[in-house]
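*Asks:* Below is the structure I would like to discuss, written out as structure tokens.
Nothing in this text is a laboratory measurement; each read-out follows from the coordinates by a stated rule. Computed from a prediction, not measured in an experiment: that's the story for all the values here. Cβ atoms come from the backbone with ideal geometry, glycine included; neighbour counts cover every protein chain shown.
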Amino acid sequence: MALIIPPAAGATSLCSVAAADAYHLARGNAAWALLDNTAKEAALIRATDYLGGTYGQRWKGYRVSAEQTLDWPRYDVAVNGYLVDSSVVPAAVANACAELALRAATGPLTIDVGRLKSRVKVGPIETEYVAGSGAQTRYTAVENLLAGYLSGGTSMIAVVRA
């Protein structure tokens, strides 16, 4: 399966394999280089799905077209006082996708949440979680890359008056 990158119709990934290869090579992420292209493409698609599901309601701006399959490209997005080109996926967004794809290649990015345990004890080893802590993993490196492209905080949603 070949990835389709925006702005092409039917896009499946926010980052190409070549861009992800360059991103991970520059950072010395040797584990990425060990994957074959099929595994890389699948990981990039899972990372794209995660980005849409997690940040889709928080992206600045608007989709360029109602028919586009992914959240990017977008128009009316300003970062550091400059408008982002509405015909491309910004490098920071593609890099966030590459960063998540490395993690997606080794396991799920999200987990199904059941009843949370506050304490686990096996022999002398005991684990207790802080009350109110989230069950989902937060990827700080990804959130840092995306900060300029998101509106609101991590637990905020846009409210529109009718």
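*Asks:* Based on the mean of other beta carbon atoms within 10 Å per residue, what is the order of 30-42, 5-17, 75-87, most packed first?
*Replies:* In decreasing order of mean packing, 30-42, 5-17, 75-87 become 5-17, 30-42, 75-87.
*Asks:* Using the Cα atoms of region 1-102 to build a convex hull, what is its mean projected area in square nanometres?
*Replies:* Across all orientations, region 1-102 yields a mean hull projection of 6.4 nm².
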